[in-house]
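J.: The structure's right below; bear with me while I get my questions together.
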Amino acid sequence: MHSQDDGAQAWCEAIAFTREQSPASFDQWFSSVQFDGLTDGVLSLRARDEFVRQWVEDFFLPTLSDRLQAKTGLSIQVRWCIDGALERPVADRPTAFAPVRPRPISVRPPADDGFASESGVHQVVAENPRVAAVAPPVEGLNPKYTFANFVVGPSNQLAHAASMAAAGVGGRRHNPLFICGGTGLGKTHLVHALAHRVREERPSARIVYISAERFVNEFVQSLQDQKMHDFRARYRERCDLLLVDDIHFLAGKTQTQEEFFHAFNALHQASKQIVVTSDKYPQQLDKMEERLVSRFQWGLVADIQAPELETRVAIVRKKAQIEHIDLADEVCLYIAQMVRSNVRELEGTLIRLAAKASLLGHPVDLTFARTEIAATTTARPNEASVEDIQRVVCHHFKLRSTDLLSKDRHKSIAFARHVAMYLCKQRLKCSFPELGRAFGNRDHTTVISAVRKVEALRGSDPEVRAHLEAIERKLGSIE
Ligand code: ADP
Ligand code: MG
């Protein structure tokens, strides 16, 4: 049994640690939060309003809870209470609960890293004047899309590390950072997380987040209203960090591309960070000016692949935790096994299950999950599996079924193996690590290079094309 006193002591230590991470931001938010006690793992907090509660929950609680858990050995549950009239907010009387003397609120001097701290005019006026003093909100950001809520696995590791680095959290910063990958794989989430982090760490940085679609609309509107001067100032001058989501949307829009090109140059020359997301690699972007495509490759191109099983399980767990859904491990695993292609679908399935279960007053157990998922997934009954593809490829090249999984590096076997990997990647939406495992436990980088090689040969070598077409015809007949 942990007493109130033990709890208060653990709280003091955890809160001092959390404050160290980002003192300015901490003081700003914790001047609207009150500590009511910590007993038996239940942390009671009081927030001035719902906005503060949500913010503290998203940005500070993960660190705080981890710290408290380490200190008390108990898993921490938070009980919130909303109260407009706080008596002793944490940050106003930090000595009451923090052993360290509070430092005065200070904003770090700007490093020479592209986030200059000119006193910029922000486009959005904050609703809460306390927050405006520190960092105005950035339009269009989802508060839940934070780094803390992002699950990192082999499929998104590079994009995640590069986003952290672009936010100034260690690692080499690449400019531009080009994040690409299929739909629903976390590109927008990462870019929002990056913006949240910069906003927190450098409150004076002027962050502009915009979808390419909106960029086009704003551009057209500015032309019509003869406000191009404003438009240009917004993207070329009043901006320290430009985040453009779904750049593929600029395809074929020559005039907007031209405008974006100039904004890009102005920012890049001023060493301002640019981050762009896309559903394709730069060189695969259709109807995009060559000079833009080449600029997209100046920095780092980081791709995100479909997550492998372990990452999917971790994502389902994380989402369940965020949404306060009670989920057994076996159900997590089942959902992750059933929904493989993209994280948005994975999340949708979980939320749908939880909503239905709660309406029916039923727990989300395995039987319920099985029935529901079977009823809602559009069955693709005869979809080929990895094994089917391997079988057809072996038959075509007259190999034994074990050859593809073996360590044999004989040229003809290696070629057939590469073709099979390529076809699996094309048709099955499996991740590279999953395919590596399905091909005799090979490393995912081997699969990536095999797929790229066959892709290139398909374009340049008619014999390879003929093989692929013949195998695809056979596969077509079993689907
Ligand atoms: P994209 O922009 O690539 O189409 P999003 O960023 O919109 O995809 O992601 C779709 C959903 O999946 C979002 O709700 C996002 O939070 C979630 N998501 C994607 N990847 C991850 C991840 N690695 N960890 C946690 N959630 C993720
Ligand atoms: Mg997106």
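Every residue, every condition in (1) at pLDDT 95 or above; (2) under 16 Å from Asn156 (Cβ atoms); (3) more than 16 Å from ligand 2 (Cβ to nearest atom); (4) charged (D, E, K, R), yes or no:
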{"position": "Gln255", "(1), (2), (3), (4)": "yes, no, yes, no"}
{"position": "Glu259", "(1), (2), (3), (4)": "yes, no, yes, yes"}
{"position": "Ala263", "(1), (2), (3), (4)": "yes, no, yes, no"}
{"position": "Val276", "(1), (2), (3), (4)": "yes, no, no, no"}
{"position": "Gln297", "(1), (2), (3), (4)": "yes, no, yes, no"}
{"position": "Ala306", "(1), (2), (3), (4)": "no, yes, no, no"}
{"position": "Thr311", "(1), (2), (3), (4)": "no, yes, yes, no"}
{"position": "Ser341", "(1), (2), (3), (4)": "no, yes, no, no"}
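J.: Could you tell me whether Ala354 is small (Gly, Ala, Ser), within 16 Å of ligand 1 (Cβ to nearest atom) and under 21 Å from the mean Cα position of the chain (by Cα)?
T.: Criteria not met by Ala354.
J.: Only one residue in Trp55, Trp29 is out of contact with any Cys (no Cβ under 7 Å at 6 or more places or on another chain) and under 18 Å from Ile322 (Cβ atoms), so which one is that?
T.: Details: Trp29 fails: under 18 Å from Ile322 (Cβ atoms).
Criteria check complete, one pass: Trp55.
J.: So, one more: Output yes when any residue across the stretch 224-242 is closer than 21 Å to His192 by Cβ, of a type in the set (Gly, Ala, Ser) and in a helix (DSSP H, G or I), and no when none is.
T.: Looking for residues that are closer than 21 Å to His192 by Cβ, of a type in the set (Gly, Ala, Ser) and in a helix (DSSP H, G or I), one finds none in the stretch 224-242, hence no.
J.: Hey, another quick one. Just for the stretch 321-337: of the residues that are aliphatic (A, V, I, L, M), surrounded by fewer than 21 Cβ atoms within 10 Å (Cβ to Cβ) and within 16 Å of ligand 1 (Cβ to nearest atom), which one is nearest to Leu185 (Cα to Cα)?
T.: So in the stretch 321-337, the residues aliphatic (A, V, I, L, M) come out as 322, 325, 327-328, 331, 333, 335-336.
The next check asks that each one be surrounded by fewer than 21 Cβ atoms within 10 Å (Cβ to Cβ); those that pass are 322, 325, 328, 333.
Next, from what is left, pick out any that are within 16 Å of ligand 1 (Cβ to nearest atom): 322, 325.
Values: Ile322: 18, Ile325: 22 Å.
Across the stretch 321-337, the extreme among qualifying residues is Ile322.
J.: I would also like to ask the following. Examine the stretch 174-187 for a residue that is part of a helix (DSSP H, G or I) and within 13 Å of ligand 1 (Cβ to nearest atom), and state whether such a residue exists.
T.: Looking only at the stretch 174-187, we keep the residues that are part of a helix (DSSP H, G or I), and these are 187.
Next, from what is left, pick out any that are within 13 Å of ligand 1 (Cβ to nearest atom): 187.
Checking the stretch 174-187: at least one residue is part of a helix (DSSP H, G or I) and within 13 Å of ligand 1 (Cβ to nearest atom).
J.: Yes or no: the stretch 212-222 includes at least one residue that is within 16 Å of ligand 1 (Cβ to nearest atom) and part of a strand (DSSP E or B).
T.: No, because not a single residue in the stretch 212-222 is within 16 Å of ligand 1 (Cβ to nearest atom) and part of a strand (DSSP E or B).
J.: Also: If a residue must be over 24 Å from Leu285 (Cβ atoms), in contact (Cβ under 8 Å) with a residue 60 or more places away in the chain and in a helix (DSSP H, G or I), how many such residues does the stretch 188-211 contain?
T.: 5
J.: Considering Asp443, Asp408, Asp365, which residue is over 30 Å from Glu347 (Cβ atoms), without any contact (Cβ under 8 Å) to a residue 60 or more places away in the chain and either in the same structural domain as Ile351 (by TED's automatic domain parsing) or not hydrophobic (A, V, I, L, M, F, W, C) (or both)? Let's see the steps before the verdict.
T.: On the way: Asp443 fails: over 30 Å from Glu347 (Cβ atoms); Asp365 fails: over 30 Å from Glu347 (Cβ atoms).
Criteria check complete, one pass: Asp408.
J.: How many of the residues making up the stretch 265-285 are within 14 Å of ligand 1 (Cβ to nearest atom) and either surrounded by 19 or more Cβ atoms within 10 Å (Cβ to Cβ) or not assigned by TED's automatic domain parsing to the domain that holds Arg172 (or both)?
T.: Residues in the stretch 265-285 being within 14 Å of ligand 1 (Cβ to nearest atom) and either surrounded by 19 or more Cβ atoms within 10 Å (Cβ to Cβ) or not assigned by TED's automatic domain parsing to the domain that holds Arg172 (or both): 4 in total.
J.: Please find, within the stretch 172-222, the residue that is nearest to Gly140 (Cα to Cα) out of those that are out of contact with any Lys or Arg (no Cβ under 9 Å at 6 or more places or on another chain) and of a type in the set (Asp, Glu).
T.: That would be Glu213.
J.: Here's a follow-up. Can you confirm whether Thr146 is within 16 Å of ligand 2 (Cβ to nearest atom), of a type in the set (Ser, Thr, Tyr) and modelled with pLDDT under 95?
T.: Values: within 16 Å of ligand 2 (Cβ to nearest atom): yes; of a type in the set (Ser, Thr, Tyr): yes; modelled with pLDDT under 95: no.
It is false that Thr146 is within 16 Å of ligand 2 (Cβ to nearest atom), of a type in the set (Ser, Thr, Tyr) and modelled with pLDDT under 95.
J.: Output the number of residues of the stretch 408-452 satisfying the condition of being over 15 Å from Pro307 (Cα atoms), in a loop (DSSP other than H, G, I, E, B) and either modelled with pLDDT under 90 or polar (S, T, N, Q) (or both).
T.: Total meeting the criteria: 3.
J.: Please determine, by comparing only the residues of the stretch 278-295 that are part of a loop (DSSP other than H, G, I, E, B) and under 14 Å from Asp246 (Cα atoms), which one is modelled with the highest pLDDT. Spell out the reasoning first.
T.: Applying the first criterion (part of a loop (DSSP other than H, G, I, E, B)) to the stretch 278-295 yields 279-281, 285-289.
Within this subset, residues satisfying the condition of being under 14 Å from Asp246 (Cα atoms) are 279-281, 285-286, 288.
Details: Asp279: 94, Lys280: 92, Tyr281: 93, Leu285: 93, Asp286: 88, Met288: 97.
If we take residues in the stretch 278-295 being part of a loop (DSSP other than H, G, I, E, B) and under 14 Å from Asp246 (Cα atoms), then Met288 is modelled with the highest pLDDT.
J.: Arg214 passes all but one of (1) of a type in the set (Lys, Arg); (2) closer than 16 Å to Ile274 by Cα; (3) buried (at least 16 other Cβ atoms within 10 Å of the Cβ); which number fails?
T.: Evaluating Arg214 over (1) of a type in the set (Lys, Arg); (2) closer than 16 Å to Ile274 by Cα; (3) buried (at least 16 other Cβ atoms within 10 Å of the Cβ) leaves (2) as the failure.
J.: From (1) within 16 Å of ligand 2 (Cβ to nearest atom); (2) modelled with pLDDT of 95 or more, pick out the condition that doesn't hold for Gly140.
T.: Here Gly140 clears every test but (2).
The values are calculated or read from the model by the stated rules, or taken from the named source; none is laboratory data. Keep in mind the model is a prediction, meaning the values are calculated, not measured. When we count neighbours, we look across all protein chains shown, and the Cβ atoms used for this are built from the backbone with ideal geometry, even at glycine.
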